[in-house]
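*Asks:* Take this structure, written in structure tokens, and hold onto it; I'll ask about it next.
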Amino acid sequence: RKRCVRISTGSKHGFQSMSINEVYGEFRCGKTQLAHTMAVIAQLPKEMGGAEGKVAYIDTEGTFRPERIMEIAERFGVDPDQACENIAYARAQNSEMQMELLEGLASNFATNEYRLLVIDSIMSLYRTDFIGRGELSERQQVLGGFLRRATQMAEEFNLVVLMTNQVQSDPGASALFAGADGRKPVGGHILAHASTTRLLLRKGRGEERVAKIVDSPDCPEREASYIITNGGIND
Ligand code: GTP
Ligand code: MG
């Protein structure tokens, strides 16, 4: 049996391999910055919170920036070009392509030591490709297929899967479900069940941000504050 690995988020928290870790929150709370930070940390030695692995990055919103990777690499004292080379980057334009890209990564995972798979963000393309109540059940079915495959790959290849997610914009709906801090991730039960750990990010005072572990098999519900620096996510 493979041994589970853990990759630091750049703050106090870390995510475990062989499972899906979901990070959700409103716009500009730092989800993409966290994804960039972990894409560098995953490559570092264990003593530095890493897993000495390569990274696969599926970008659904076009917000991946190699220059950010390079800046974050400098914080950790690693070669910026090498840090970029260790990231297999792919941009998905629609939900079908998102699934094809995932499937295509299986050969990367089988031939190289990948430890992190990022999907930033998991729901955005499903939300634009399937519109309205009439297409909701079909959306959830297709989403379920993607999540099953991602879970399977996480276990087979010992990967930390990091998915970012949006929150419902309809205040009525979030109040109704009374999610943590009145914010509810999108994706419904199918995504809720697929995610082993859910981390809620929100803006605090000024530059401060707050992360709250909402659902974790090994951590009680607790909060930690962090800031977004030029070197990525930090305490
Ligand atoms: P959405 O994708 O829009 O939902 O937002 P997000 O949660 O992905 O937010 P993102 O990770 O893009 O965070 C945006 C925040 O990061 C902004 O407040 C920026 O000020 C900050 N940020 C982005 N780039 C840098 C940088 O180079 N240096 C620093 N210090 N902060 C940055
Ligand atoms: Mg983002």
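*Asks:* Give the Cα extents of the chain along the principal axes, in whole Å, largest first.
*Replies:* Result, largest extent first: 48, 43, 35 Å.
*Asks:* I've got another one for you. Once amide H atoms are built 1.01 Å from N in the peptide plane, which residues 5 or more positions from ASN86, or in another chain, come under 5 Å H to H?
*Replies:* none
*Asks:* For a paramagnetic label modelled at 7 Å from the Cα of HIS193 toward its Cβ, which residues of the range 205-226 fall within the zone defined by backbone nitrogen distances under 20 Å?
*Replies:* In the range 205-226, the label zone of HIS193 (backbone N under 20 Å from the point 7 Å along Cα→Cβ) covers 215-217.
*Asks:* What's log10 of I(q)/I(0) for the range 1-69 at q = 0.13, 0.23 Å⁻¹, Debye sum over Cα points only, no solvent?
*Replies:* Relative scattering, expressed as log10 I(q)/I(0), comes to -0.38, -1.14.
*Asks:* Run the numbers for THR128 and MET70: contour at 0.36 nm per residue of separation, minus the present Cα-Cα distance, in nm. Show your work: numbers first, answer last.
*Replies:* Details: separation 58, 0.36 × 58 = 20.88 nm, distance 3.14 nm.
So the chain would gain 17.7 nm between THR128 and MET70.
*Asks:* Expressed in nm to one decimal, what extension gain is obtained for the pair ALA224 and ALA110 from 0.36 nm per residue of sequence separation less their Cα-Cα distance? Don't skip to the end; give the middle numbers.
*Replies:* Working: separation 114, 0.36 × 114 = 41.04 nm, distance 3.57 nm.
37.5 nm is the gain from fully extending ALA224 to ALA110.
*Asks:* How would you rank 214-220, 16-22, highest first, on the average number of other Cβ atoms within 10 Å across their residues? Write down the numbers at each step before the final one.
*Replies:* Numbers: 214-220: 12.0, 16-22: 21.7.
Peptide ranking by packing, descending: 16-22, 214-220.
*Asks:* For the chain, with a Gaussian network of springs between Cα atoms less than 10 Å apart, report the residue from ARG198, ARG209, ARG65 with the top mean-square fluctuation.
*Replies:* ARG65
*Asks:* While we're looking at this one, here's another question. What are the ³J(HN,Hα) couplings of the range 138-149, residue after residue, when phi is run through the Karplus curve with 6.51, -1.76, 1.60 and θ = phi - 60°? Round to Hz, x for glycine and proline.
*Replies:* 5, 4, 5, 5, 5, 4, x, x, 5, 5, 4, 5
Bear in mind these aren't lab numbers, they're just calculated from the coordinates by the rules spelled out. Just so it is clear, the model here is predicted, and its values are computed rather than measured. Ideal geometry is used to build each Cβ from the backbone, glycine not excepted, and the neighbour counts take in all protein chains shown.
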